[in-house]
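Here is the structure we will look at, set down as structure tokens.
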Amino acid sequence: MPDKSVITDEMRAHLNVESEPITYDVEKGAVIKFAQAIGDPNPLFQDEKAARQGPYGGLIAPPTFLRSLIPGEAKKEFPRPFPNNLDGGSEYEFFEPIRVGDRITVTRAIVDLTEREGRLGTMLFTTAETRYVNQLGQLAATQRTTGISYATPEGEK
Amino acid sequence: MGQLYFEDVNVGDEVTPIQKNASSQQLVKYAGASGDYYQIHYDDGFARNNGLDGIIIHGALKNAFLGQLVTDWMGPHGQLKKLSVSYRAMDFPNEDLVCSGTVTGKRVEGGAGIVECEIALHNAAGKATTPGKAIVSLPMRGA
């Protein structure tokens, strides 16, 4: 462990502080465009007629469509200690389908800060949780993302 | 699209693989559809100035490919419960990618048929650049 932590009290003050909520309409055109962009021909996402006969009675969004419902700004900007950032990964949990016509309210908060020494020098792992709540007040899904911030300019090399 | 049933799945079974090859055009379409306009995904000069060997595929697009792997396999009456991925290495456009997986567990939980899988996206050299896990709920034949 380094003698001096890169995690400051100022950073810790961001833990569990939610971003400004943003509400999105799940539009048919946006869902179909997203399915086309990822190259997924599943009729539940693209074929309104077929989807109407299916288990949801209409079009639903592909699971990772939620990625396009971008959270609002944090109430205060997080003080990044290093200039370089990598997307470490993502973990979705799904509780309700995302249907065309839903209204989804998105909030995001940093839930964990961890410091590690590795091949990129000192790295800060920032875990954030994004919550997606539908118009019925149901928690439809969560996404946990891990960002890796580091000083070494050589990235993944 | 066929329907997969809980009774038909065994630990060790293969998740039917799918193949992908992302063109630079697809990366631009994904940038527009997802709202991720970071230039390392479509501006070659920008990517090289950032120390990359060229434009790279969005991690979230690889996540979407792995989502399709699972939703295709489970069929329309399956429900995706959990999808996790880690980005271990970068992937590049115009490369043949394979998404595949293996069933690692199954159990009945509250009357639902829960199946767990290890999944991964492999690059053209066969390296699992993007491993992950999925949990699905499958319909039961008797139900």
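Output ³J(HN,Hα) for region B:35-40: one whole-Hz value per residue in order, computed from phi by the Karplus curve 6.51 cos²θ - 1.76 cosθ + 1.60 with θ = phi - 60°, and x for Gly and Pro.
With coefficients 6.51, -1.76 and 1.60, one gets x, 9, 9, 4, 5, 5 Hz.
If I take all pairs of Cα atoms in the protein assembly as shown, what percentage of them are more than 24 Å from each other?
Details: 24491 of 44850 pairs.
Looking at the protein assembly as shown, the distances longer than 24 Å represent 55 percent of pairs.
Excluding same-chain residues fewer than 8 positions from residue B:81, which aspartates and glutamates have a Cα within less than 17 Å of its Cα?
A:91, A:93, A:96, A:129, B:72, B:109, B:116, B:118
Could you give the radius of gyration (one decimal) and Dmax (whole number) of the Cα atoms in region A:39-115, in Å?
Computed over the Cα atoms of region A:39-115, radius of gyration and Dmax are 17.1, 52 Å.
Any idea how far apart residue B:140 and residue A:136 come out in nm if each label point goes 7 Å out from Cα toward Cβ?
Taking the two extended label points, one gets 2.3 nm.
If the viscosity is 1.002 mPa s and the temperature 20 °C, what Stokes-Einstein diffusion coefficient in µm²/s follows for region B:49-133 when Rh is the Kirkwood radius over Cα pairs? Working shown, then result.
On the way: Rh = 14.1 Å.
Taking Rh from Cα pairs, D becomes 152 µm²/s.
What Rg and what Dmax come out for chain A when only alpha-carbon atoms are used, in angstroms?
According to the Cα coordinates of chain A, Rg and Dmax are 18.7, 62 Å.
At 222 nm, what value in deg cm²/dmol follows for the protein assembly as shown if DSSP H runs of at least 4 each add -39500 (n - 2.57) and the sum is divided by all its residues, to the nearest 500?
Mean residue ellipticity at 222 nm (helix-derived): -5500 deg cm²/dmol.
Please turn the phi angles of region B:130-139 into ³J(HN,Hα) values with the Karplus equation 6.51 cos²θ - 1.76 cosθ + 1.60 (θ = phi - 60°), one per residue in order, whole Hz, x for glycine and proline.
9, x, x, 9, 9, 10, 10, 10, 10, x
Would you pull out the residues with amide H under 5 Å of residue B:81's amide H, same chain only if 5 or more places away, H placed 1.01 Å from N?
Placed amide hydrogens put B:135, B:136, B:137 under 5 Å from residue B:81.
Quickly rank A:110-121, A:66-77, B:113-124 as a protection proxy: mean count of other C-beta atoms within 10 Å, highest first.
Put in order of decreasing packing, that is B:113-124, A:66-77, A:110-121.
Hey, what D do you get for chain B in µm²/s if you plug the Kirkwood alpha-carbon radius into Stokes-Einstein at 37 °C and 0.692 mPa s?
203
Taking amide hydrogens as modeled 1.01 Å from N in the peptide plane, which residues meet the under 5 Å criterion relative to residue A:88, leaving out close sequence neighbours?
Hits under the 5 Å cutoff: A:146, A:147, A:148.
Pairs B:62/B:127; B:106/B:133; B:20/B:82: which exceed 18 Å Cα-Cα?
Long pairs (Cα-Cα over 18 Å): B:20/B:82.
What order, most packed first, do the peptides B:18-30, A:11-23, B:79-91 have when packing is the mean number of other Cβ atoms within 10 Å of each residue?
Put in order of decreasing packing, that is B:79-91, B:18-30, A:11-23.
Since every read-out is calculated from the coordinates, none of them should be taken as a lab result. Quantities reported herein were computed from a predicted structural model and do not represent experimental measurements. In this analysis, Cβ positions are derived from the backbone assuming ideal geometry, glycine residues included, and neighbour counts consider all displayed protein chains.
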